[in-house]
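Data block below; observations after.
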Amino acid sequence: MSNTILSPPLFTLMGVSFAYTETPVLHDVNLSLQPGKFYGVVGPNGCGKTTFLDLLTGCKIPRTGTITYKDKELHLYSKRDLARQLALVPQEFDTGFGFTVEEIVLMGRHPHIDRFSAPSDEDWRFVDEAMACIGINDLRQRYTNSLSGGQKQRAVVARALAQNSPVLLFDEATSSLDVKYTLQIFNIARHLVRTEKRTVIAVIHNLNLAAAYCDECIFMKDGRLLRYGPTAATMTSETIAEVFDVQAKVALDPFNKTQQVSFQYWEQ
Amino acid sequence: MYRHSEKGFLLLIGALLICIALAIIVSTGMGYMTIAPGDILRVIGANMTGDSSMTTGIETTVPYVVMDVRLPRILTAALVGAGLALSGVIYQGILLNPLADPYTLGISSGAAFGASLALLANLTMLGHFSTPVFAFFGAIITLMTVMRLSTFNGQISAQTLILSGVIIGAILSAGISFLKYLADEQVAIIIFWLMGSFASSTWNGVLLIGATLLFAILVSSFYGRDLNIMSLGRRSSDSLGVETAKVRKILLLTASLMTAVCVAITGIIGFIGLIVPHLMRYLVGPDNRKLLPVSALAGAILLLLADTITRAVLPVEVPIGVLTALIGGPFFCVIFRQKQKGKNYE
């Protein structure tokens, strides 16, 4: 975290905890996130990753502690202002009454369009670019409730891109995608971080993707922050054993020139 | 979300408006005494301009029948139909459930309980408005109880909202039965009112429903785009810049006010709030900014036609609530089966 002094933090979490009932889901999280980085949130099922993202988007309010976004407490922002800053690709995606893919992507422009205005040419340009970027132009007039899980997920990623926000939050955004589209979306995210200095905060289950794409990793377990820091330093066999209770070897992969994880499948 | 031409939508609105005007004129002419459309227009014109010379040559009972008997009833039917359909669109949009309408939330039962209480105790301290006021408080107390019951950690989930509505509705139905039992000789008033009727409609009622409907249309149109986005679920709508919790509260209160006024004036009329939004969704799609006005217009036409059938066509006047339930019930079953088979309309 040597370069943290250079730019003011994007998010600062101080003593943040959250609970639905008496048992806390998140416990005393202290963290600051820098702009222009690719963050990976990693941890076992039910460890509080989605809750963590919900707190960052302001969808849930912490029970104790404060979350600051750009020097202002998160709950002081209106939802509209926040939506111009943060775009979320949620884990599950549902439309009770079928909208078309185009209408869904256009919803990403909602925080940019005044209440009684029609979408401007600029709004449509963002919609077209987002759909072209994800490659779902042929799905434009299809109804979302006739799409496969993977197609829906790509439409939602396009919606988040159309939102054109400096921060993108992915909650397992590629869980129902095949390897081609998974890599496509991760490469789009990587490109946005590298060229436009945007920030991506992604909940990732696949440790190899996290190792390859993330600048920093946040390891969570049982609602606590276990390890946090540059991927090369935190993505170790010790961390993986402690977080997931799985034996793994982390080594440089000469094919991609990145760290990759290989797991011990059974006792040799 | 119109990139494509809105012409079709505007044509539909225009067609529905013409249908309403025609339906009002034609049904005013129908009944025990048949009145020619020209005479009806002259009577209405005379009343609006105050120029009594327009009615010369028309039988003296005609202005009375048109202005004091038929028009209040016909306008009440049309306005209640519009109000119930509008509430249905709002409830379905918020609860993300195509089977939701004022009854699923227990709101109608709450309003009916309040009104039954007023009828039973013969409360008339507020004059004509006693029943509506009690119905409104019944509806609002029910809504608050249902929302309180389904709120966990400051958040309302759509599923628990419906469950709470069904539970409270069941309790209130039992309460209404108990009131009927207590009512003894007065039971006929409550029963007849509960089945729904437009027979005793007045211009005061027309004004009350009309004003409420105008308010509800303005509020719901204001939040139309938010309502669209809220169908994606709380997490998505929040992150797209919709104040979901606030908008949900405002729209639920508006729809409940609309329902309460309708129930108070005409009793329980079921299924309009369910059927009309469904039919209209086939025509204009799920966009609430189109669905809200179109459903209100179509609801007005449908209930006006149903009331005209029971008033002027059938040999005996069937209570309107019974008629809509007899037609709407089977329709409900079809929707339910389609939903089970996963054949969702698009």
Next item on the list: Quick one: Debye curve from the alpha-carbon atoms of the protein assembly as shown only, equal weights, vacuum; give me log10 I(q)/I(0) at q = 0.06, 0.08, 0.11 Å⁻¹ to two decimals.
Entry: -0.41, -0.67, -1.05
Note to self: If I histogram all Cα-Cα distances within chain B using bins 20 Å wide from 0, what percent of pairs lands in each bin?
What the structure shows: 30, 56, 14, 0
Next item on the list: Average the reciprocal distances over every distinct pair of alpha-carbons in region B:22-104, invert the result, and give the Kirkwood radius in Å.
Entry: 14.8 Å
Item checked: Mean Kyte hydropathy of -1.0 or more with a Cα span along the axis of at least 27 Å, helices from DSSP in chain B -> B:7-29, B:71-95, B:130-149, B:158-183, B:203-222, B:244-266, B:288-308, B:320-340
Margin query: Can you tell me how region B:280-326 classifies by the Cα gyration tensor, rounded, prolate or oblate, using a/c under 1.5 as the rounded cut?
Written below: prolate
Item checked: Radius, Kirkwood style, for region A:185-268 when every pair of distinct Cα atoms is counted (Å) -> 13.7 Å
Item checked: Residues with amide H under 5 Å from that of residue A:259, placed H, sequence gap 5 or more -> A:253
Next item on the list: For region A:137-195, just run the numbers: alpha carbon Rg, then divide by 2.2 N^0.38 Å, N being how many residues it has.
Entry: 1.14
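Listed highest first by mean packing, meaning other Cβ atoms within 10 Å per residue, what order do B:14-20, B:100-106 come in? Intermediate values should be presented prior to the final figure.
Values: B:14-20: 13.7, B:100-106: 26.9.
The densest-packed peptide leads the list: B:100-106, B:14-20.
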Margin query: Please compute, for peptide A:109-122, the average count of beta-carbon atoms on other protein chains lying within 10 Å of each residue's beta-carbon.
Written below: 3
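Given 20 °C and 1.002 mPa s, compute D for region B:3-68 with the Stokes-Einstein relation, Rh being the Kirkwood radius over Cα pairs; round to the nearest whole µm²/s.
Details: Rh = 13.6 Å.
D, rounded to a whole number, is 157 µm²/s.
Would you work out the charge dipole size for region B:1-123 about its Cα centre, treating the Cβ of every Lys and Arg as +1 and the Cβ of every Asp and Glu as -1, and quote it to the nearest 20 debye? Present the calculation step by step, with values, prior to reporting the outcome.
Working: 5 positive and 6 negative charges, 55 e Å.
Dipole of region B:1-123, to the nearest 20 debye: 260 debye.
For chain A, report the convex hull volume of the alpha-carbon atoms normalised per residue, in Å³, without decimals. Present the calculation step by step, with values, prior to reporting the outcome.
On the way: hull volume 41.8 nm³, N = 268.
Cα convex hull per residue, to the nearest whole number: 156 Å³.
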Next item on the list: For a quick protection proxy, order the peptides B:290-300, A:134-144 by their average other-Cβ count within 10 Å, most packed first.
Entry: B:290-300, A:134-144
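Let me know the whole percent of all Cα-Cα pairs from region B:131-212 that are separated by more than 15 Å.
Details: 2325 of 3321 pairs.
Pairs farther apart than 15 Å: 70 percent.
Using only DSSP helix segments of four residues or longer, with each worth -39500 (n - 2.57), what per-residue ellipticity at 222 nm results for the protein assembly as shown after dividing by its residue count and rounding to 500?
Working: 24 runs with 330 residues, N = 614.
Value at 222 nm, helices only: -17500 deg cm²/dmol.
The numbers here are math on the coordinates, done by the rules we state, and not lab data. As the structure is a prediction and not an experimental result, all values here were calculated from the model. For neighbour counting, all protein chains shown are included, and Cβ atoms are generated from backbone atoms with ideal geometry for every residue, glycine included.
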